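Enquirer: Got a structure here, written out as structure tokens. Questions coming.
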Amino acid sequence: MIPPGRRPQPHKRTTTRGRRQRHRQGRQPNGPGLAQARRPRGGATPLLLLTGVVNAGAVGYRATEGWDWGDCYWMVLITLSTMGFSDPATRVLSGGGRVVTTLLLVGGLVVVQQTLQKLLELTNTGYFQILRDRRTRRQLRRMHNHVILCGYGRIGREIAEQLSAEEVPLLVVEMDTDRVAEAQQRGLRVLLADATLDETLQEAGIHQCRALVAALPNNAANLYVILSARGLAPHCRLIARADSEEADRKLRLAGADQVVSPYVAGGRTMAATALRPLAVTFMELLAGSDCEVDEFQLSLDPEQLGPLNGQSLADLQLGRRSGALVLAIRTPPSEVGAPGEPVESELIANPGGSERLAPGQLLVVLGSKPQLNRFAALLGPSLASVEVMSS
């Protein structure tokens, strides 16, 4: 009978299956990271065993035969590699040495076989490729002041050749494996990923690069790249490829600093060659020389200019003192236009000696690297930034 006021408790049955499931749950690793961390340890175990067998065999020969360590390790090598004792300098083994050789043959061959099987297994599972990818990503994190090239098609290859000729650090972002292999054969650093994704641009170093070039064959893909890059790095210089006027307009709205159409650029070059062949030839010669065309941006703060503020080019003698040539000066918008009217900057080509420096001006200068370095040193603290235009 059941005493009053007490209810029978249902009997809890614990099956063997339930105990096994709880036992397995308690032994599960904490997430995928632990499994990835254990993978290298599994690959290193056969190598540690092989190292132990080699050292144990050398110690055995040292104890039984009394040889020096060089002869001991040489004996272990020819035994494990099954080369045989064909070397006439090989010494005669004693009874103890033969026991060591027998144990070395039996245990060593098993360990060698396991090591080879493990290496083949790691190769088939792509473990070594993962290690190479990790090493590549560590190198990418150390890149600074480089150019990110999205797309390695016909336009991308030409861009890469020009930048490589100028020894500019370059990173190619490409999805096509054939193009990736081609870029790697040319000695370029390549990231196999989708350039339209934010994480890809972050991995490529969008915050440390000097410029990004979107040279994908699809206008929509280039638009996605520009949108992502402008959202991640508002101050990064972005150059995009466009195949139509509509794509040009949308890319500029998305944040591209410069949009280039291969067809328009090619047509202009052909027209310039027909009208001014000597000028085009000069630019080609300039591209093959050690000269560069750099942009020197002066600070907007008059105090940063110091004594240079209001000085003329003739008074400063920048060309004579540095050897560089000032090709043009672009005035800041605040210096041009009447009050209340839209203000645009003005480009003064081939400025004379009477032109005076002012805050916010952009100086376009031609010269070799040493000359441009001297020019920058003469500007001193008044210089806000330097950008390489071409060479």
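The values are calculated or read from the model by the stated rules, or taken from the named source; none is laboratory data. Since the model is a prediction, treat every value here as computed from it, not as a measurement. FYI the Cβ positions are ideal-geometry reconstructions off the backbone, even for glycines, and counts take in every protein chain you see. The accessibility values were calculated without ligands, DNA or RNA, using every heavy atom of the protein model including side chains. Shrake-Rupley method; radii C 1.70, N 1.55, O 1.52, S 1.80 Å.
Enquirer: Would you please name the GluC sites (Glu not before Pro) within region 136-199 that are DSSP coil residues with at most 10 other C-beta atoms within 10 Å of their C-beta? Intermediate values should be presented prior to the final figure.
Expert: On the way: sites: 158, 161, 166, 167, 174, 182, 199; in loops: 166, 167.
Passing sites in region 136-199 are 167.
Enquirer: In square angstrom, what is the accessible area per residue of region 181-261 with a 1.4 angstrom probe? Let's see the in-between values first.
Expert: Working: 4070 Å² over 81 residues.
The answer is 50 Å² per residue.
Enquirer: If you don't mind, there's one more thing I want to ask. Quick one, can you get me the convex hull of the C-alpha atoms of region 99-242 expressed as volume per residue in Å³?
Expert: Working: hull volume 20.0 nm³, N = 144.
Enclosed volume per residue, from the Cα hull, is 139 Å³.
Enquirer: Measure off 7 Å from each Cα along the Cα-to-Cβ vector at residue 131 and residue 81, then give the distance between these two points in nanometres to one decimal.
Expert: Spacing of the two 7 Å Cα→Cβ label points: 2.2 nm.
Enquirer: Also, I was wondering about something else. Let me check something: with ligands and nucleic acids excluded, how do 209, 150 order by accessible area (1.4 Å probe), largest to smallest? List each step's numbers first, then the result.
Expert: On the way: 209 20, 150 0 Å².
I get 209, 150, largest accessible area first.
Enquirer: Right, here's the next one. For region 173-212, give the percent of accessible area contributed by carbon and sulfur heavy atoms, probe 1.4 Å, rounded to a whole number. Can you show the working numbers first?
Expert: On the way: 830 of 2110 Å².
Ligands and nucleic acids excluded, carbon and sulfur reach 40 percent.
Enquirer: Moving to a separate point now. How much solvent-accessible surface does residue 257 expose, in Å² to the nearest 10, with a 1.4 Å probe and all protein chains in place?
Expert: It works out to around 70 Å².
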